[in-house]
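The values are calculated or read from the model by the stated rules, or taken from the named source; none is laboratory data. Everything numeric here is computed off the predicted structure, so don't read it as measured data. Positions of Cβ are backbone-derived with ideal geometry, glycine not excepted, and every protein chain shown enters the neighbour counts. Protein only, heavy atoms only, side chains kept; ligands, DNA and RNA dropped before computing areas. Shrake-Rupley method; radii C 1.70, N 1.55, O 1.52, S 1.80 Å.
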Amino acid sequence: MSQAEQAPAPRARMKGRQPRANPTPKAGRNLPAATAVGLAMLFAVLGGLLFLPLGFVAVTTTFAIFGVWEIFRALEANGTRMPIVPVMTGTVAMPFVAYFGGLESLLFAMLLSCVAVLLWRSIESAAGSANSIFAGVFTLGWVPFFISFAALPLHAAGGVTTLGLWPGGTVPQGAWQVAVMLLLVVSNDTFGYLVGASLGKHPMAPKISPKKSWEGFAGSIAGAMLIGVLASIFLLDKPWWVGVLLAVGVVAASTAGDLAESMVKRELGIKDMSSILPGHGGVMDRLDSIVFACPTAFVLYVLVAGA
């Protein structure tokens with residue numbers, strides 16, 4: 001038998017072989033793992049928020065610590081050594097300062113942390129000091145300062161800063177405000193993923209985040225508005241338009257936070273901050289939306305306080 005007659009044989013054997021399923025969908029995530037991890041984190045955060053407020057602050061602080069550590073490692077791999085001791089000290093302190101002391105105390109803690117970074121770096125070598133100081137101050141503002149705004153409504157909840165359960169078992173309005181903000185962030189991610197994975201054709205910022213589309217953004221807005229209106233009426237006891245305003249503001253802030261982190265990762269030449277969370281990447285890959293949403297939601301709640 002000639003070689004020409006033998007050639008089709010391998011093709012015949014390949015014909016019945018089924019292509020291997022791709023576990024990673026179009027949007028780039030392992031959806032089952034991402035969903036399981038996301039729900040576990042949401043339940044842990046909401047559980048503390050509604051039943052043990054200081055536990056919520058502790059969980060928030062833990063997320064911030066992991067996020068700052070990921071940034072430290074990523075910067076160090078690119079030749080910038082952030083002064084981790086004063087930065088991590090400020091990271092641990094700020095959420096608790098916000099919970100017990102309020103906005104003025106949080107601002108003072110941020111200022112004190114920045115001064116500590118400058119003093120700490122001044123006793124080390126001058127080489128690379130400018131980049132090191134900038135990295136420390138930038139990280140303090142990006143993660144612990146922004147995320148501490150999630151604790152401010154709890155401090156403002158009738159002046160209560162309890163060490164245990166909410167007095168009388170009644171969840172105050174401030175806790176519901178934080179819960180709604182988190183639900184809107186989850187809605188932004190969920191609806192944006194579902195619509196973007198199936199209909200996304202026009203990238204928002206192809207050079208920064210090619211998989212984020214305008215179709216997905218529209219899905220985030222629509223889904224978050226639905227959740228926002230329901231939450232505003234049934235959880236916040238506010239007019240429906242408050243939910244629309246919150247949805248638009250939180251989705252815009254979440255998207256900006258996502259794009260900002262993507263820009264940082266592209267500058268550092270990495271895909272994820274780490275691989276600690278299956279289906280999500282690193283902790284900062286989940287906090288990127290939340291850290292921008294926290295101060296945005298806080299300001300919006302202040303503006304509509306009389307509605």
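Here are some notes:
- Test result for SER274, of a type in the set (S, T, N, Q), under 15 Å from the mean Cα position of the chain (by Cα) and within 24 Å of ARG73 (Cα to Cα): yes
- Qualifying residue in the stretch 230-240 (condition: at positive phi and at pLDDT 90 or above): yes
- On the stretch given as the stretch 67-118, residues that are out of contact with any Gly (no Cβ under 9 Å at 6 or more places or on another chain) and on the phi > 0 side of the Ramachandran plot total 1.
- Selection over the stretch 205-227 of residues that are among the hydrophobic types (A, V, I, L, M, F, W, C) and at pLDDT below 90 gives a count of 2.
- Matching residues in the stretch 76-109 - criterion: being under 29 Å from GLY269 (Cβ atoms) and in contact with a Pro (Cβ under 8 Å, 6 or more places away or on another chain): GLY90, THR91
- Consider the stretch 20-51 and keep the residues that are in contact with a Gly (Cβ under 7 Å, 6 or more places away or on another chain) and assigned to a loop (DSSP other than H, G, I, E, B). The one that is modelled with the lowest pLDDT is ALA27.
- Considering the stretch 34-68, and only residues there that are of a type in the set (Phe, Trp, Tyr) and either under 15 Å from the mean Cα position of the chain (by Cα) or surrounded by fewer than 17 Cβ atoms within 10 Å (Cβ to Cβ) (or both), the residue that is farthest from GLY168 (Cα to Cα) turns out to be PHE66.
- Given (1) open to solvent by 70 Å² or more (accessible area, probe 1.4 Å); (2) modelled with pLDDT under 85; (3) not hydroxyl-bearing (Ser, Thr, Tyr), index of the condition PHE108 fails: (2)
- Every residue from the stretch 256-273 that is open to solvent by 40 Å² or more (accessible area, probe 1.4 Å) and either basic (Lys, Arg) or touching a residue at least 12 places away in the same chain (Cβ under 8 Å) (or both): ALA256, MET263, ARG266, GLY269, ILE270, LYS271, ASP272
- Among the conditions (1) more than 18 Å from the chain's Cα centre (by Cα); (2) buried (at least 22 other Cβ atoms within 10 Å of the Cβ), ASN188 misses just one, which is (1).
- When the stretch 151-168 is limited to residues that are open to solvent by 40 Å² or more (accessible area, probe 1.4 Å) and at pLDDT 75 or above, the one that is farthest from PHE96 (Cα to Cα) turns out to be LEU165.
- Taken over the stretch 80-123, the criterion of being without any contact (Cβ under 8 Å) to a residue 24 or more places away in the chain and not hydrophobic (A, V, I, L, M, F, W, C) is satisfied by GLU104, SER105, SER122.
- Verdict on SER209 being open to solvent by less than 60 Å² (accessible area, probe 1.4 Å), touching a His at 6+ places or on another chain (Cβ under 7 Å) and of a type in the set (S, T, N, Q): no
- One residue stands out in the stretch 69-79 among those that are among the hydrophobic types (A, V, I, L, M, F, W, C) and in contact (Cβ under 8 Å) with a residue 24 or more places away in the chain: the one that is most open to solvent (accessible area, probe 1.4 Å), namely ALA77.
- For the stretch 257-270, the count of residues that are more than 25 Å from HIS155 (Cα to Cα) and outside any helix (DSSP H, G or I) is at least one.
- GLY281 meets each of the listed conditions (1) more than 13 Å from the chain's Cα centre (by Cα); (2) open to solvent by less than 60 Å² (accessible area, probe 1.4 Å) apart from (1).
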